[in-house]
Amino acid sequence: MSFTNPLVYGVPCFLGLILLELSYSKHHKEKKDLYNKKDLIASLSMGVGSSVIAVLAKTVAAIVLFNFVYNIFNPLIDGVRTNIMGWESFGFAWYIWVICQILDDFSYYWFHRQNHNVRLLWAAHIVHHSSDNFNLGTAVRNGWFTIFYKPFFYMWIPALGFPPEMLVVCLGIEALWQFQLHSVYIPKLGIIEKFMNTHTMHQVHHAQNLEYMDKNHGGFLNIFDKMFGTWKELDESIDIKYGVTKAPNSYNPLVILTHEYKDIWLDMKKSKNWYHKFMYAFAAPGWSHDGSTLTIKQQQKLMKIEDV
């Protein structure tokens, strides 16, 4: 059985919604600075590039990687696809789809969280956070390199027996939800806030305010943030500042894509100790061998900011 990735239909909608939000913001004075022309062009340029790469990478992930794992862990035995643990591999019943989507969200949480906790991964992910604007244009401002390692966070799902095609569709649904979260025009959503990742929660995630940093990593659910201590509710009395503390200060897509890799290299040259070099690449962003810079957790501890 084959399915079409929902992103195929989502991309035209993305462009239409960006134009709609852009037009709407021009007629509402309180949001007149929502978009910056050069910033939007940079975001769209990176979005186009990541889309082209995503087609290639997801083809490899879906056709090669996920299918390879699925076939290894779910061989055909007497004509029946059976998991190596002994159960029959899963079909396409509605409740299997629901379970797969939840497992996808669990994987997305850890993939996203590690993008913030491992500097080499952060170098790829910082692209998405590098704009000081929060709008639907920022939603498509994606790095080109995360796509190459993201599938490895999901390999365990087809290994359990979920069809690769199902997982690819669930990944697409996740991406659609993530896109529309990048809007300041949607208020709090009442009871939905109890279990879903919403627009106000994602505003927290994109803030560079110290109390908000490294929070709300979930995809469409917030339950994993609450379970693992990374959830933070929006405090409307706090004036949010979006972006990153060390921005690329450029609208050049190549600079935006690579500036953090350059910074990692420069930091690694600060010490001849190979352990220090390793930590500059794989520790949390902000780690330093001499304490000259601090990680987010170290800064929050210093300022006595609570996790939630």
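Values for this structure:
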read-out: Among A93, A283, A247, residue whose mean-square fluctuation peaks in a GNM of the chain (springs only between Cα atoms under 10 Å); value: A93
read-out: Computed [θ] at 222 nm, deg cm²/dmol, the chain (DSSP H ≥ 4; -39,500 (n - 2.57); rounded to nearest 500); value: -16000 deg cm²/dmol
read-out: Residue among I296, I63, I147 with the largest mean-square fluctuation in a Gaussian network model of the chain, springs linking Cα atoms under 10 Å; value: I63
read-out: Crossing angle, helix 37-59 versus the chain [Cα axis fit, 0-90 degrees, rounded to tens]; value: 20 degrees
read-out: Label-point separation, K26 to L76 (7 Å along Cα→Cβ), nm; value: 5.8 nm
read-out: Carbon + sulfur, % of accessible area of the chain - ligands and nucleic acids excluded, 1.4 Å; value: 67 percent
read-out: Inter-site label distance for I240 and W265 at 7 Å from Cα along Cβ, in nm; value: 3.5 nm
read-out: Cut-off 12 Å between beta-carbons: net charge of the residues surrounding P158, Lys and Arg +1, Asp and Glu -1; value: -1
read-out: Tilt relative to the chain, helix 119-129 - C-alpha long axis, 0 to 90 degrees, to 10; value: 70 degrees
read-out: Dimensionless Rg over Rh [region 223-308; C-alpha; Kirkwood]; value: 1.03
read-out: Most fluctuating residue given options S271, S288, S51, as computed from a GNM of the chain linking Cα atoms under 10 Å; value: S271
read-out: Pair-distance profile P(r), taking every C-alpha pair of region 79-181, with 5 angstrom steps and integer %; value: 2, 11, 19, 21, 17, 12, 8, 6, 2, 1, 0, 0
read-out: Heavy-atom SASA rank of W177, W94, W265 (probe 1.4 Å, accessible area, largest first); value: W94, W265, W177
read-out: The chain - Debye-derived log10 I(q)/I(0), Cα point model, q = 0.10, 0.13, 0.14, 0.16 Å⁻¹; value: -0.61, -1.01, -1.15, -1.42
read-out: Taking the chain and dividing mean pair separation by its residue count, relative contact order in percent (alpha carbons under 8 Å, at least six apart); value: 22 percent
read-out: Viscosity 1.306 mPa s, 10 °C: Kirkwood-radius Stokes-Einstein D of region 164-308 over Cα pairs, µm²/s; value: 90 µm²/s
read-out: Residues of type aspartates and glutamates that K38 reaches as a straight line, Cα spacing below 19 Å, ignoring anything fewer than 8 places off in the same chain; value: E21, D132
read-out: Approximate spin-label separation E88-L302, in nm, with each point projected 7 Å along Cα-to-Cβ; value: 6.0 nm
read-out: Nearest-10 value in Å² for the accessible area of L254, using the 1.4 Å probe; value: 110 Å²
read-out: Nearest 10 degrees, 0 to 90: helix 164-180 Cα axis against the chain principal axis; value: 20 degrees
read-out: Protection proxy ranking, peptides 185-197, 208-220, average beta carbon neighbours within 10 Å, highest first; value: 208-220, 185-197
read-out: Full-extension gain in nm, Y149 to I192, via 0.36 nm per residue minus C-alpha separation; value: 12.3 nm
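The values are calculated or read from the model by the stated rules, or taken from the named source; none is laboratory data. Because the structure is a prediction, the values reported are computed rather than measured. Neighbour counts run over all protein chains shown; Cβ positions are idealised from the backbone, glycine included. Calculation scope for accessible area: heavy atoms of the full protein, side chains included, ligands and nucleic acids excluded. Shrake-Rupley method; radii C 1.70, N 1.55, O 1.52, S 1.80 Å.
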